[in-house]
Each structure stands twice: as structure tokens, then as C-alpha cells.
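Everything below concerns the one structure shown next.
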Amino acid sequence: MGRGEMWGDRALIEGRWSLRSHRIAVLTLMAIGGGIALLSLLAGWAFKAALLIAAGCAWTALGLELALKVRYDKLLRLKLLSDYVLESITRGVIAFDLDGRVRLINRAAIQMLEIQEEKAIGADYRKLLGDNPLILSCIREALEEGRTVEDKEIEHVTPSGRKLTLQLNTAVLSDPEEGRVGAILLMKDLSEIKLLQSRIRRADTLAALGRITASLAHEIKNPLSGISINLELLEEVLSEEELKNEAEIREHLNVIAGEIKRLEELVKNLSRFVGTPAMRMTKLKVNDVLDRVLNLVKVEARDQGISIVRRYAELPEIAGDVAQLQQAFLNLIINAIEAMPDGGELTVETEWSRAEGAIKVRISDTGVGIPPEDQDKVFEFYYTTKEEGTGMGLPIALKIIKDHGGEIDLESEPGIGTTFTVTLPVRGEGDEGEDIGGRG
């Protein structure tokens, strides 16, 4: 049903008033007819004629009563239909009078903005929506200046902390007789659409980088083999002959060896990114995999002043590659630790979402956070803000999770911290011990 009194429902109000007025007229006609009949009896003349006149008045009154009831019922059904339509609309709808007070609000708007209906009706829009100046500006321009907006996208944070991307449209409400009487605000939640678009862009980027790095890895590998062989031969020569600058030569050789090792690691990471090795699918417990990863980093975390909090739920087993999932979670957790150079709290939380048929793993830190303009870049290959970072850890983690049919989502606020949410489907993909070729 409609929220609050249906402001502006003039047809229904007039219908109700008309019904009252005509009922008074009916009673008046009946009284007149009865009076005429009584006077006729007392006077003793034209009794039958008077009786007919009285009966005619009564029937006319009854006919008016029935006609008005039919009209009022039609108006009531029309009002109920408009209420049902309003409540079925997925867009948020709020109507304001010229004083800026809320006269109508539907269920979608209440759920979207997380406001209470009883506090909304009659409330001033500046108090009700005062935490978002962009929404206030759109409403003010429509009410005071008659200017409207179309498909304006804004960011909005609800009282519970949900971050929404809203598309706003405003319109001026006008009356043929009174002119402008208010304004209406329409809101569409684009958050899910934006999330899907981000995932599609990320998938396209991963695919393109995969093709590039496949060729790059092959080209780098061949010269590395030649360098390694020649380096070994050079070391043999140095061990057989005494040279004056042997120490200096060996120092240079050590540098070359270090660079070769670094390039080999680069090729290894590129190969891992381009094509994940065949997955050894087994039934596994995600909580156990996380425990093994946390045991690997607990000493580093302790030395850095980081406390580890585990919040595990009871989870069903899933089919997955233990080693690869461990690598993905390790990359995410190392990233969280590196975001807290001055210490902090690392929280690892698991959840079993029956509605989605999936397990969720949230890895949260209280570190420096990621600026909004950089959040779409963290999964890009080679992107890093760290002096010694390679920019490979997060892309590799994302690819492993995607190979398991999952997804990684990111929420971050500079100065507050970051949360990576890993979603893994619960399904029996592959029998225990079955090799499944890497995807990508």
C-alpha cells in the first residue's frame, strides 16, 4: 500500500466530499417528500398525487446514492491500484511539497536509504537526507528553481555503512490550477551493475594480459638459459686461472647471478599467471587451509606488531586444489600484513552462505587503506604501490580463485583499512584426486 497519506489524491478526496454532500441532498429530498405527504393528509386534498411525489423524491434520492457509491468505489479501486503500482516499482520514489516536506515515499526508497517510514512522512528533506549534499542539491533545485536532473550518478553511504551507487532523476510536480506544488525524486541502485561491470573489465584485462605474458615468458626464458650456461662456464675458467681482479669479477658475476634468479622468478610468476598448472582437485576444508597459511605468517605478523583474529564458521567441504588455494590466500594475507607497517589487526573470517551456495572468506586489515581511484587497479598485472612489490600477488590470487569458479571483491577506506572478500562455490567439481587442467 502507499506510504503515508496519499498526498495530492484530489480525486478521492473530492469523491468522498461529493458523497457526503449528495447524501445530505438525498435526506433533504426524502424529508421534503415526507413533508408533502404529511401536509396532504392533513389538508385532505390530492393525497394520491402527494404520495406519488414523495415516492418519486425517495427513488431519486436512492438512485443518487447508488450512483455516488459506484463512483466512489471506482475511485477507491483506482487509488489502491496506484498504491500497488508504486510499491511494485523497484526504483525509490519520494514526493515533496513546496515546503520540502515528504508527502509520499515507497518501499524501495525506504529500503534503499535505510530510513524509517514513520519518521519520513512529514519530515523536512534537509533533515531526512542531510548526510548527502548531492541529493539535497538535486531536491533543492527542483523545488526552488524548477530545475531537474536526469540520470545523475552519485555515491551514497547508508546508516549501516553500505556503499551505494545511485542514479537520480527529479521532476517538478504541477497542478493545472495552482502551478508548481512540489517535486519528486526517483532513485535507482546501480551498485550491482557497477560491480558486474568492474568484474567484466577485470576479466577482459586478465585475458589480454594473459596473451601478452604468454609470449613474453617464452621470449625471456630462452636467453636466460644461455646466460646461465655461459655463467657456469665463466666460473669454471675463473677457478682454473688466477686473475688479478678476481674478486671484482666475482662480484660482478654475483650480481649477474642475482639478476638471473630474479628473472627466473619473474618467468615463473608469468607462467603461473598465464596458465595455472593442472589442478589436483580434492575435498578440502577452507578453515584448515587458512590455518596453514596463518601459521606460515604468524612469526612475521608478531614481529611487526600485528595481532591475528580468527572468526571461523562451520563450513561444508568444497572441491579444490589445496596448494593453489593456499597460495591465493597467502598472497592476500601477505598483502594485508604489508599494509600495516606500524602494526595493527589482521582478521580472517569465514561464512557459509546457504542462499548463494558459497563460502565467503573475508581478510581484513587495519592498515593504510587504498584510495578510491586505485581500487580498480590492484588486480592489474604489475601494478603496485610498494617499493619492492612485483604487482603479481593479487592478480595471481584472483586467477586462482576464478579458476575455482569464485570471485574476489574489495572494500577499502584510506586510513581505516581494507577487506578482501573471497567467494568460493560449494560444488562437487571433479572427483577427489582428479587432475583438472588449469583455466585461463
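Of note:
Residue-by-condition table, conditions (1) in contact with a Ser or Thr (Cβ under 6 Å, 6 or more places away or on another chain); (2) surrounded by fewer than 17 Cβ atoms within 10 Å (Cβ to Cβ); (3) at pLDDT below 85; (4) not hydroxyl-bearing (Ser, Thr, Tyr):
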| residue | (1), (2), (3), (4) |
| --- | --- |
| 92 | no, no, no, yes |
| 109 | no, no, no, yes |
| 122 | no, yes, no, yes |
| 125 | no, no, no, no |
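- Within the stretch 352-379, considering residues that are surrounded by fewer than 18 Cβ atoms within 10 Å (Cβ to Cβ) and touching a Lys or Arg at 6+ places or on another chain (Cβ under 9 Å), the one modelled with the lowest pLDDT: 376
- Scope the stretch 94-120; condition under 24 Å from residue 179 (Cβ atoms) and either among the polar types (S, T, N, Q) or assigned to a loop (DSSP other than H, G, I, E, B) (or both); matching residues: 98, 99, 100
- Of all residues in the stretch 334-383, those satisfying the criterion of being among the basic types (Lys, Arg) and not in a loop (DSSP other than H, G, I, E, B) are 360, 362.
- Residues of the stretch 111-120 that turn out to be surrounded by fewer than 16 Cβ atoms within 10 Å (Cβ to Cβ) and over 18 Å from the mean Cα position of the chain (by Cα), as a count: 4
- Residue in the stretch 411-428 that is of a type outside the set (Phe, Trp, Tyr), modelled with pLDDT under 80, assigned by TED's automatic domain parsing to the domain that holds residue 290 and over 19 Å from the mean Cα position of the chain (by Cα) present: yes
- Residues that are surrounded by 16 or more Cβ atoms within 10 Å (Cβ to Cβ) and without any contact (Cβ under 8 Å) to a residue 24 or more places away in the chain, drawn from the stretch 141-172: 149, 154, 167, 169
The values are calculated or read from the model by the stated rules, or taken from the named source; none is laboratory data. All values derive from a computational prediction rather than experimental measurement. We place every Cβ from the backbone using ideal geometry, glycine too, and count neighbours over all the protein chains shown.
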